[in-house]
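Enquirer: Handing you a structure now.
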Amino acid sequence: MDTVETVSADELVQDIQTGVFQQQLESLIPKFWSFFWSAILALIVFFIGTRIIKGVIKLFHRAMNIKDVDPGVETFLESVLRWILYIILLTIILGLFGVTTTSISAAVAGLGVTIGLALQGALSNFAGGVLILIMHPFRVGDYIIEHATGQEGTVSKINIIYTTLKMVDGRLVQIPNGTLSATSLTNCTAQEYRLFNETVGISYDSDIKKAKEILKYIAENCEHRVDDIPIQVFVSELGDSAVLLGLRFPIEIDYFWQAKWDTLEEIKNRFDKAGIEICFNQLDVHIKDK
């Protein structure tokens, strides 16, 4: 006679839960392995893709060197090309995880609108960078003076958003391209020379003729003076307490600052030796006895 095994309610519930868990686990294993291999493939694609991008950038630089493209334009185009290539690589990697191109395009479009509203200033700087690279008000290596903030220096780099200036003291200053494209600036390197244009105030008791001869002598003996343009020495103004003498002569652009500093020092030394007083602000107090 067969015996019938009785199963308690707790055992029945436990068997059902174990069966459900096992079914869920068995259904997740293929998904896990699919995700695992997709991740491995994504890492391989990323590794190969970054190497390909570096190779494309190198080929791009070689092509720009052959075409002798302006360094600022080259830097700008390199940044744009790099962004495009990495976006393509990211799209390929997301496709490995089942994300469709349509979904990516919609996400990029929505993200683009959001970023555009949040970064209006950055977009104006981007547009300014494009104008700078197209119109060429200055190039990498030029010495410019930006009149909005008074910054001046040698253009070290023209990027998508900022232009980097190297100051005389070695500091690197980044100026937004929107500012540079919307304000006036002076390009001191557009010509082969830069004009030394300074005034010196001497006392009314000093010999003007002698002072002008000294200034002309100093200019004639400046090592880096451009000979094609004549030297100008003149009385600029008859001030309240000084006669202002002007001195103008061209200096080779590469040696302008050193020549300017040497010239100013030479003026002071020779005026002192000649007994010509250089005026400065001072207050004379006269006390009268009653």
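Enquirer: Measuring from the lowest to the highest alpha carbon on each principal axis, how far does region 130-226 reach, largest first, in angstroms?
Expert: That gives 57, 26, 25 Å along the principal axes, largest extent first.
Enquirer: Then there's this: I want to check the label-to-label distance for Ser38 and Glu213. Put each point 7 Å from Cα in the C-beta direction and report it in nm to one decimal.
Expert: So the label points at Ser38 and Glu213 sit 9.3 nm apart.
Enquirer: On to the next question. Tell me which GluC sites (Glu not before Pro) from region 237-290 have a DSSP coil assignment and no more than 16 other beta carbons within 10 Å of their own.
Expert: Working: sites: Glu237, Glu252, Glu265, Glu266, Glu277; in loops: Glu277.
Answer in residue order: Glu277.
Enquirer: Putting +1 on Lys and Arg Cβ atoms and -1 on Asp and Glu Cβ atoms, find which of Tyr217, Ile175, Ile231 reaches farthest to the positive end of the dipole of region 131-290.
Expert: Of the candidates, Ile175 comes out farthest on the positive side.
Enquirer: Rounded to a whole number, what % of the accessible area of region 145-290 do carbon and sulfur atoms account for, probe 1.4 Å?
Expert: Values: 4360 of 9470 Å².
Carbon plus sulfur share of accessible area: 46 percent.
Enquirer: If we count every other residue with Cβ under 10 angstrom of Phe196's Cβ, Lys/Arg +1 and Asp/Glu -1, where does the sum land?
Expert: Details: positive: Arg194, Arg225, Arg248, Lys260; negative: Glu198.
Cβ neighbours under 10 Å give a net charge of +3.
Enquirer: Something else about it: For Asp228, tell me the accessible area in Å² from a 1.4 Å probe, rounded to the nearest 10.
Expert: Taking all protein chains as shown, Asp228 has close to 140 Å².
Enquirer: So if R0 is 22 Å, what FRET efficiency would Arg62 and Arg82 give, r being the distance between their Cβ atoms, rounded to the nearest 0.05? Display every interim value, and only then the final one.
Expert: Details: r = 16 Å, r/R0 = 0.72.
According to the calculation, E is roughly 0.90.
Enquirer: Which value, in Å² and to the nearest 10, is the accessible area of Arg51 when all protein chains are kept and the probe is 1.4 Å?
Expert: Accessible area of Arg51: about 120 Å².
Enquirer: Can you give the accessible area of Asp207 in Å² (nearest 10), computed on protein heavy atoms with a 1.4 Å probe?
Expert: 80 Å²
Enquirer: Between Lys157 and Leu195, what is the spin-label point distance in nm, taking each point 7 Å from the Cα along the Cα→C-beta axis?
Expert: Computed distance between label sites Lys157 and Leu195 equals 3.6 nm.
Enquirer: What is the sum of charges, Lys and Arg at +1 and Asp and Glu at -1, for the other residues whose Cβ falls under 14 Å from the Cβ of Leu245? Present the calculation step by step, with values, prior to reporting the outcome.
Expert: Values: positive: Lys209, Lys210, Lys212, Lys216, Arg248, Lys268, Arg270; negative: Glu198, Asp207, Glu213, Glu237, Glu277.
Net of charged neighbours comes to +2.
Enquirer: So if R0 is 41 Å, what FRET efficiency would Leu244 and Thr164 give, r being the distance between their Cβ atoms, rounded to the nearest 0.05?
Expert: For Leu244 and Thr164, the calculated efficiency is 0.60.
Enquirer: Efficiency by 1/(1 + (r/R0)^6): what FRET value for Phe234 and His136, r their Cβ-Cβ distance, R0 = 25 Å, to the nearest 0.05?
Expert: FRET efficiency, Phe234 to His136: 0.10.
Enquirer: Which lysines have a Cα less than 21 Å from the Cα of Lys210, not counting those fewer than 8 places away in the same chain?
Expert: List returned: Lys268, Lys273.
The values are calculated or read from the model by the stated rules, or taken from the named source; none is laboratory data. All of these numbers come straight from a predicted model, not from anything done at the bench. Cβ: placed from backbone, ideal geometry, glycine included. Neighbour counts: every protein chain shown. These area figures cover heavy atoms from the full protein model, side chains too; ligands, DNA and RNA do not enter into them. Shrake-Rupley method; radii C 1.70, N 1.55, O 1.52, S 1.80 Å.
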